[in-house]
1. Among L470, G429, W100, whose Cα lies farthest out toward the positive end of the dipole of the chain, if unit charges sit on the beta carbon of Lys, Arg (+1) and Asp, Glu (-1)?
2. For the range 370-495, what does the equivalent ellipsoid look like in terms of its semi-axes, each the square root of 5 times an eigenvalue of the Cα gyration tensor, given largest first in whole Å?
3. Given R₀ = 41 Å, FRET efficiency for R480-T37 by Cβ-Cβ distance, to 0.05?
4. Give me I573, I438 sorted ascending by neighbouring Cβ count inside 10 Å, so fewest comes first.
5. As a footprinting exposure proxy, order S527, S270 by other Cβ within 10 Å, with the fewest listed first.
6. Running Debye on the chain with equal point scatterers at the Cα sites and no solvent, what base-10 log of I(q)/I(0) appears at q = 0.07, 0.10, 0.12 Å⁻¹?
7. Would you work out the charge dipole size for the range 201-292 about its Cα centre, treating the Cβ of every Lys and Arg as +1 and the Cβ of every Asp and Glu as -1, and quote it to the nearest 20 debye?
8. Mind checking which of S483, T499, L524 is farthest towards the positive end of the range 480-570's charge dipole, using Cβ charges of +1 (Lys, Arg) and -1 (Asp, Glu) about the Cα centre?
Amino acid sequence: MRRSSRRAAARRCGWLLVSVLTALPAQATIGYAVSVTQAEQHLFRVTMTIPAVREHVVIQLPAWNALYQIRDFAAHVLDVSATDEAARPLAIVKLDKQTWRIAGHGTITVHYAAYWDEPGPFSAQLNSTHAFVNLATILFYVPDLRGEDARIIFDDLPAAWGVAIALRPGEAAAGRRNGAYVAANYDALVDAPVEMGEFEEFSLGEPGPPIRIVVHGDGWSREQLTESVRRIVAYETQLMRGAPFDEYLFVYHVGSAAGSATGGMEHANSTAIFAESAAQLPSLTAHEFFHLWNVKRIRPQSLEPVDYTSEQWTRALWFAEGVTNTYGAYTLVRSGLWGRKQFYDDLAAQITELEFRSARHWKSAEEASLDAWLEKSALYRRPEISISYYNKGYILGALLDILIRDSTDNRASLDDVLRALNEDFARRGRFYHDSADIRAAAERVAGRSLEEFFSRYVAGTDELPCADSLARAGLVLKARGRSRAEFGFWPAWGPDGLTVATRIEPGGAAQRAGLREDDVLVELNGSPFPRIAVRWLREHHAGEVVRVRLRRNSEEREVSFTLGESQERAYEIEEARGATDKQRRIREGLLRGTVDAPHP
């Protein structure tokens, strides 16, 4: 379908749901208009309208959103001013790094600009080809009115640009080509990222709630993407017994459009996914779509209500993110997008990664969750200082699943725990307590106490019983010592999902070539820097000369150096010969997402 035809179809459909939904107020409490006329300068021009002001009003910009990092979005804001209904300037005073007070009465209009040119699912970018924005990065809010309706218009778009956002359309605005979108409150508004530009758009066309797919980029196949999304959506929706949305939007940036920013960000009815290559899309999609339930609706009390001004500490990210990783892998193998060997290799790589991080001896999965706010520090990311709650949580999810299956003769599983949490908390509008309610739900499903598992492996730092647990599923964990090539530094995830250089070997070849701590790693031998560096190194040899393109202080340069050599212990998972009937049933249950019928 041509782009112009798609836009016309979208206007006719009107998200397909407007006629059956309860109408929202024609005039929301707070109104926003976002202009992109200064795309070449990367400046969003924002107009905010606040009605019924008495004497003064306080406005704030979030200090964080999406990533668990204080990023101080106000650093991107310039030229803040305010006027009254007669267009007279009003006195405005900045109170702290993110808060302004405006004196006035009646309807007040605030004008300002926000500079953003950061690719990735956690930030915002505006240029001559497109705009992508997490709205919390550019929209002020009134603290006392965060619960009120909000209305937004995207203004002055180039003629060929479309708008993709997971919000319901409101009434058309006089004199504007684009209509307004409405949200129940500020939190719902900024939980709907927006893509503007010339993008490809299509839908799954399946029975059930509509699924829209928007793609900006190159190097991808519509047929392959459609098939993988269809399988992922179908499996996870069936697993969780129904879709928790009226319509869903996937926004993909692929290839050159993603730049060096790879990752995804979940939202209430949408996700934004950036991938250097199309091969990364299925795993990112499976993870982000499962967040619809785990974290967006099955949500820890420690993250509610959202406090945009400071850190929110939670012990539950090992479950909210890590076990979502477990289910991302489960979805891929259970939907047929992976073979069983791919699943085994992925789980083995997670075990290898955890063992590499010596901090596992003293930092628990819960403590790693609390420390998520420290991850923007290169020092914190070192393996002797931190572990990943994504990594250990993935393994904990698989081990807990095996434990439940073993305890119930494969008549219950972790799937039942997720469904129970969804029923008891998400569908009742309740939030669970970290990690007590998770344990309680798992114990009800398992029919036994799991105090030892949670105290030793979730809250504690005992070595995970990977070999013993996998044996219960008819699987053998094998350790192999081997040599492999090494860079002379450790690639780690930095702010906004970028890969940066850490732990640079003093006097090593990389340092002598000019690499420095926190350099952004853009390319390796002319291709995007690999997301899983260890996997890339295992396919190469010490002594090879490599070319690394790096970015430092907005300037790019290329350095060349020789790969070194190191010794490591890596793990492999194989199916056990002579597994018992019970072990085989548990193994097949893991791979297929099935359980055995209860005893008569």
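Bear in mind that the values in this text are calculations on the coordinates, not laboratory data. The structure presented is a predicted model; accordingly, all values stated were derived computationally and were not measured. Quick reminder, even Gly has a Cβ in these numbers, built from the backbone with ideal geometry, and neighbours come from all protein chains shown.
1. L470
2. 30, 22, 12
3. On the way: r = 59 Å, r/R0 = 1.44.
Given R0 = 41 Å and the Cβ-Cβ separation, E is 0.10.
4. Numbers: I573 22, I438 25.
Ascending number of Cβ neighbours within 10 Å: I573, I438.
5. Working: S527 11, S270 26.
Taking fewest neighbouring Cβ atoms as first place, the list is S527, S270.
6. So the normalised log intensities work out to -0.45, -0.93, -1.31.
7. On the way: 5 positive and 11 negative charges, 28 e Å.
Rounded to the nearest 20 debye, it is 140 debye.
8. S483
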